[in-house]
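Undergrad: Supplied in structure tokens, the structure appears directly below.
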Amino acid sequence: MAAKTPKRKVQTGAEITRKAKALCDVMLKDLESAERPVLSAVKCSLDNAIYDSKLGYLTPGDKIVRSELNVSSVQKLARTVFLLDILLNNVSTGAVNTKRELYYMAKGLVKSNPRIKPIDFDDQPESDSIIDFITDLLEVYREEINCYANDRGGQTYSQQLVVTETLADGTTATIDLSQLGTAAFQPKNRPQALKLKAKKKIDFCLVVESEGTANTLVSNGFTKRNNCILMGAQGVPSNGVRGWCKLIQDQLKVPMYFFGDLDAYTMQNIYRTLKAGSAASLIRNADFSAPDVRFLGVLPEDIKKYDLNYYEVKDKDASELRALKKAKDVLANDPFFKDKKNKKLANVLHFLIKNKVRCEQQALFSVNPKDPLMPEKIILKKIKEGSYI
Amino acid sequence: MSKITSSSTAEYFAKNLQQVGFSSPTKAVLTTLKEAVDNALDACEENGILPELTIEIEKLGKGGGKNTDLIRIYIEDNGPGLKPEDVPRVFGEYLASSKFGRGQCSRGQQGIGISAATTWAQLTNAAGVRVKSKTASMKKAVDLRVDVDIKGNKGVVKKKDTFDWKDKKHGVAIEFKIDGRLQLNGDGGLLTYLEGTSLVNPHLTLNYKVHENDWVCAARVSEFVPKVPPATLPHPHTMKLGEFMTHTLLYGNISLEKFLKTAFSRVSDAALKEFTRNGLQKAWLKRGLNKINEKEHKAIFHAIQESPLQSPSTKSVLTVGEEGLAKSISKIGEVDFFSVVTRKPKICDFKPVVVEVAIARFLNRGSEDDSIQLLRFANRVPLQFDKASCAITKSTESVNWKSYGLQQSKNSLPKGPYVFAISVTSPFIKFKNASKETIDSSDDLIEEIRLALMQAGQKLSRHIKREAKADDLERKKRHIEKFGPILVEGLAAITNASDARKKRATKGLDKILGRDADSAEAELEQAEARLSKLKIKQEARAAAGTGPAKKTAKKTVRKADSKKKASKKAPAKATKKASKKKAKKKATKRKAKK
């Protein structure tokens, strides 16, 4: 189990505003004295990522990104200050917006004011990257500046879990997941507002890569037969999913397993992000990763053991080849996979690179087509036998 | 059987004037002008006179021929003048020249051109040329009308007067009235010719009025009259057998050894040894020329041709010079950029040649999409026809101008608002025809011109790169200026900054971008105005009798002057600082005086 994360101090709106204003004041002073203003932010990329196995997630190193007023950064600076103004206004009024909304808001403001036309955004990734830069700059979570991503993934099923949500007005709402039938609970992108309680001892939490597969397992009665939490990650886990998993890990302290495809993309993009966070969000991995999650499979040895269908990666499959190429890079540069503690996970990547094969999570359904419960049986067996990494 | 008759040279040319540049009414005007100008310039240079030419070309009415006008061409020079008895020979007799076969870099070579012009005038307007001439020794000038006696190939004076040529010590003025047509611009244009002539003759002052245009004065930019180098002895390898044998006749019965050493260049004792190794018998060397028979002549000639010899001397070649060309370019128009290259004399096809290139970009002349304007010169005379087959054009097209930053389609002239002036000077230029419109292209000459063009191209390329860099810097500054005000506005909004801060930040941004030169200049002007006021006050006080004040005033002025100079040289930032310092010092001085 990963070491307990030192509690990060949540910054209040007033603090963030003060910090932002001070930053802008320095920039303005620089301009007044004919000096080029500079903005410095933590460098959020793999080459500045540190992995400490005791902490269990990726943290930022010493590298910083300096954006000085010059021809290549002036647009970024102007856009940063422009969006910062909108965000600070949201912080002061309590207004909340998604990244997409902020993109359209910014676009609308630019269109209605010809003087600021040069900073117009062509598409949402342009404004998203500026918002990310602002969070890095102020070292705040996006949610602390009232900006939320759209909810994606994390559909959760359980007969034992009860969630209490504190609403914006201070009132609370309690959701008993056993009352939702086959419908899922969708965690909001604000895990800090949620309190979890188990009606009955929960044995494990299973995070399934495919939301569809998770739903199928539920339909087949997985959650009825097992005291568990079943969740669909829906691909690369969003901030919401990661925060939700972290919450389950911290508040319920139940063993957590991830079940997904046996391929390079799943290992290096999906599982690594869930377990240790991402390089792009180094400053928020502490609250948005679940270091205790274990990789249940599909493991290379499962192919033989359960006679799973697998197939070779063909030269025509560009995306798979790209993932394998990236796997080589990851093994050489990603501190998570370089860490001794994760050697077994790295070995999975070595296996995939060497054998150029992949096995889908859905292969479990074909082990015995006459038995729809076979996937559940295999999963439970694996948990029982400790067949995970 | 038809009777065989002989014709005079004049008869031949009268029937074949197209061979000497009179193939059309348009070319006739240009050729007439060109021949007259060539003669005037050659005469001035030979006598060390700085040439000053006055040219007037006008339409007098309808010409005698179909689709022609009657054109008056008037050329007046300040040359040494012609003696009255020489005038009919110069203007009315073919091949009567002081320059024929001299091996010098003079413009005229054969004595055909001006007589052909007289013939054209006579054929088209029934009157030859009117010549006014005065030499320094003549009290009165003569005014002659000369026609060509075509049958006898001689000039005939039809009319003769004398007159006082006010303020004119010497010179010639000639007037032709011919059938022709006026083309002012373009490759064969009169103005193109006059500009070109002005360009390659920095020492020439040219006043001209062409058709309805105003008078133009292209003043000389050099006070140095180029001295045409004397001809050098012929090089044995440039001769043909017949020429060689004829050459022996000029030296009487001297020994072969002496003949070879004195009648040719580059024949040394070592060369003679080489000749003997290649078939020239030693005994022949001591023999008189008269005792050498035709067979032996042939053997001697072949031995010489077989022997390696030092290349001919390049001393007989005249150049315009990079300095002269550089100065001359400004005579054509307002120059934006130019590069000039004068190559060292080089032997091409056993003849000494100098190639000079001037590449210039003028303000308000040409465009990026048009081909460059190519000005060709041979012995400082513009070549304006038959461009495509000229060695100069071929060389220009063979250079890859793209690598020097110019646009160019394959095997064609580069594009852009440039003028390429290329001058080939040699005592033996190989023209393609008698009208001297095109230089014959040999591989050696093309390569030499190419090298000159490439040298000039490198200079041009450096300039274009510098310009591109400056453009790039400007583009970057403009980019920053697009976003800068938005940044300032945003920062001011977040920090609730005052208008004064906003203004200061905007000024600071200007400074960062180096856009504060204007404001610094304005401040400097203000400071200077204040300084001059102060100076007046101090002088007034000094005049009132306060000694020390006078001294101080002088000191202040001197200091101010030196600072003014320094501040002009310094960049904008330093200028501003200097003006601030100045203002401070003034304030201190004022206080001290009070």
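Bear in mind these aren't lab numbers, they're just calculated from the coordinates by the rules spelled out. Everything quoted here is computed from the prediction, not taken from an experiment. Glycine also receives a Cβ, built like all others from the backbone with ideal geometry; neighbour counts cover every protein chain displayed.
Undergrad: List every residue whose amide H lies under 5 Å from the amide H of A:Leu206, counting only residues 5 or more places away in sequence or on a different chain, with H placed 1.01 Å from N in the peptide plane.
TA: A:Ile229, A:Leu230, A:Met231, A:Tyr257
Undergrad: Let me ask something additional. How large is the helix-only mean residue ellipticity at 222 nm for the protein assembly as shown, computed as the sum of -39500 (n - 2.57) over DSSP H runs with n ≥ 4, divided by its residue count, in deg cm²/dmol to the nearest 500?
TA: Value at 222 nm, helices only, nearest 500: -13500 deg cm²/dmol.
Undergrad: Under a 5 Å amide H to amide H cut-off, with H placed in plane at 1.01 Å, what residues pair with A:Val42 once short-range neighbours are removed?
TA: The answer is A:Val65.
Undergrad: Can you work out the FRET efficiency for the pair B:Asp269 and B:Glu334, with r the C-beta to C-beta distance and R0 = 45 Å, to the nearest 0.05?
TA: It comes out at approximately 0.20.
Undergrad: Which whole-number percentage describes the relative contact order of the range A:78-131, with Cα contacts under 8 Å and a sequence gap of 6 or more?
TA: 44
Undergrad: Quick check on the range A:155-385: take the gyration tensor over C-alpha atoms, sort the square-rooted eigenvalues as a ≥ b ≥ c, and tell me if it's rounded (a/c under 1.5), prolate or oblate.
TA: Since a/c reaches 1.5 but b/c is at least a/b, the shape of the range A:155-385 is classed as oblate.
Undergrad: Taking R0 as 45 Å, what's the FRET efficiency between A:Lys224 and A:Tyr104 from their Cβ-Cβ distance, rounded to 0.05?
TA: Given R0 = 45 Å and the Cβ-Cβ separation, E is 0.55.
Undergrad: Got a sec to turn the phi values of the range A:328-336 into Karplus ³J(HN,Hα) couplings, 6.51 cos²θ - 1.76 cosθ + 1.60 with θ = phi - 60°, whole Hz, x for Gly and Pro?
TA: Per-residue couplings from phi come out as 4, 5, 4, 4, 7, 10, 7, x, 5 Hz.
Undergrad: So which of B:Lys432/B:Lys465; A:Lys316/A:Lys377; A:Lys344/A:Lys370; A:Lys99/A:Lys377; A:Lys76/B:Lys507 end up more than 32 Å apart, counting from Cα to Cα?
TA: Long pairs (Cα-Cα over 32 Å): B:Lys432/B:Lys465; A:Lys316/A:Lys377; A:Lys344/A:Lys370; A:Lys99/A:Lys377.
Undergrad: Turning to a different aspect of this structure: Mean-square fluctuation check for chain A, GNM, Cα pairs under 10 Å: which of A:Met105, A:Met256, A:Met231 is largest?
TA: Fluctuation is largest for A:Met105.
Undergrad: Between B:Arg365 and B:Gln19, what length in nm is gained on full extension when 0.36 nm per residue of separation is reduced by their alpha carbon distance?
TA: 121.2 nm
Undergrad: Another question, then. Do you know the relative contact order of chain A, to the nearest whole percent, from alpha carbon pairs under 8 angstrom that are 6+ apart?
TA: 15
Undergrad: Okay, moving on. Under 18 Å from a point placed 7 Å out from the Cα of B:Thr262 along the Cα-to-Cβ direction: which residues of the range B:227-246 have their backbone N that close?
TA: Backbone N within reach: B:232-236, B:245-246.
Undergrad: What is the spin-label model distance, in nm, from A:Ser129 to B:Arg541 if the labels are put 7 Å beyond Cα along the C-beta direction?
TA: Here the answer is 6.5 nm between the modelled labels.
Undergrad: List the relative contact order of the range B:150-257 as a percent without decimals, with contacts defined as Cα pairs under 8 Å and 6+ residues apart.
TA: 12
Undergrad: Do the alpha carbons of any pairs in B:Lys66/B:Lys158; A:Lys107/B:Lys482; A:Lys328/A:Lys356; B:Lys34/B:Lys331; B:Lys387/B:Lys410 sit beyond 21 Å of each other, and which pairs?
TA: B:Lys66/B:Lys158
Undergrad: What list of whole percents do you get for P(r) of the range A:20-142, with Cα-Cα distances grouped in 10 Å bins up to the one holding the largest distance?
TA: All Cα pairs, binned at 10 Å, distribute as 12, 39, 34, 13, 2, 0 percent.
Undergrad: Let me ask something else about it. Distance in nm between label sites at B:Lys3 and B:Glu56, each 7 Å beyond Cα in the beta-carbon direction?
TA: 4.9
Undergrad: Using θ = phi - 60° and the Karplus form 6.51 cos²θ - 1.76 cosθ + 1.60, what ³J(HN,Hα) does each residue of the range A:26-40 get, whole Hz, x for Gly and Pro?
TA: 4, 5, 5, 4, 4, 5, 4, 9, 6, 10, 6, x, 10, 10, 10
Undergrad: What shape does the range A:309-355 have by the C-alpha gyration tensor, where a ≥ b ≥ c are the square roots of the eigenvalues, rounded means a/c under 1.5, and otherwise prolate means a/b greater than b/c and oblate the rest?
TA: Oblate, since a/c reaches 1.5 and b/c is not below a/b.
Undergrad: Then there's this: List the pair-distance distribution P(r) of the range A:143-228, using every Cα-Cα distance, as the percent of pairs falling in each 10 Å bin from 0 up to the bin containing the longest distance, rounded to whole percents.
TA: With 10 Å bins starting at 0, P(r) equals 16, 46, 29, 8, 0.
Undergrad: Relative to the longest principal axis of the C-alpha atoms of chain A, give the angle of the C-alpha long axis of helix A:74-93, reported between 0 and 90° and rounded to the nearest 10°.
TA: 80
Undergrad: Amide H to amide H under 5 Å from B:Phe337: which residues, 5+ apart in sequence or cross-chain, H placed 1.01 Å off N in plane?
TA: Amide H neighbours of B:Phe337, under 5 Å, 5+ apart: B:Arg361.
Undergrad: Determine, from the Cβ-Cβ distance of B:Ala283 and B:Phe350 and an R0 of 25 Å, the FRET efficiency 1/(1 + (r/R0)^6), rounded to the nearest 0.05.
TA: Here the calculated transfer efficiency is 0.30.
Undergrad: Taking θ as phi - 60°, what are the ³J(HN,Hα) couplings along the range A:209-216 by the Karplus curve (6.51, -1.76, 1.60), each to the nearest whole Hz, with x for Gly and Pro?
TA: So the J values, rounded to whole Hz, are 4, 8, 5, x, 5, 4, 5, 5.
Undergrad: Which of rounded, prolate, oblate describes the range A:296-389, given a ≥ b ≥ c as roots of the alpha-carbon gyration tensor eigenvalues and a/c under 1.5 marking rounded, otherwise prolate only if a/b is larger than b/c?
TA: Oblate shape, in that a/c is at least 1.5 and b/c is the bigger or equal ratio.
Undergrad: How much net charge surrounds A:Asp25 when only the other residues with a Cβ under 12 Å from the Cβ of A:Asp25 are counted, with Lys and Arg +1 and Asp and Glu -1?
TA: +3
Undergrad: Hey, another quick one. How are the alpha carbon pair distances in chain A distributed across 10 Å bins from zero to the largest one, expressed in percent?
TA: Pair shares across the bins are 5, 21, 29, 24, 15, 6, 1, 0.
Undergrad: Using a 10 angstrom cutoff on alpha carbons, build the Gaussian network for chain A and name the most mobile of A:Ala193, A:Ala184, A:Ala214.
TA: Residue with maximal mean-square fluctuation among A:Ala193, A:Ala184, A:Ala214: A:Ala193.
Undergrad: Comparing A:Thr182, A:Thr172, A:Thr223, which has the greatest mean-square fluctuation in the GNM of chain A with Cα pairs linked when under 10 Å apart?
TA: Of the options given, A:Thr172 has the highest mean-square fluctuation.
Undergrad: Which three lengths, in whole Å and largest first, does the range B:230-299 cover when its Cα atoms are put on their principal axes?
TA: Cα spread of the range B:230-299 along its principal axes, largest to smallest: 34, 25, 20 Å.
Undergrad: Another question, then. Can you give the local net charge around B:Asn78? Use residues other than it whose beta-carbon is closer than 15 angstrom to its beta-carbon, Lys and Arg +1, Asp and Glu -1.
TA: Net charge around B:Asn78: -2.
Undergrad: Rounded to whole Å and sorted largest first, list the principal axis extents of the Cα atoms in the protein assembly as shown.
TA: Reported extents, whole Å, longest axis first: 137, 97, 63.
Undergrad: Regarding the range B:111-247, what whole-number volume in Å³ per residue does the convex hull of its Cα atoms give?
TA: Expressed per residue, the convex hull around the Cα atoms of the range B:111-247 is 228 Å³.
Undergrad: Just in the range B:181-244: which chymotrypsin sites (Phe, Trp or Tyr not before Pro) are loop by DSSP and have at most 13 other Cβ atoms within 10 Å?
TA: Sites meeting the loop and neighbour criteria: B:Trp215, B:Phe224.
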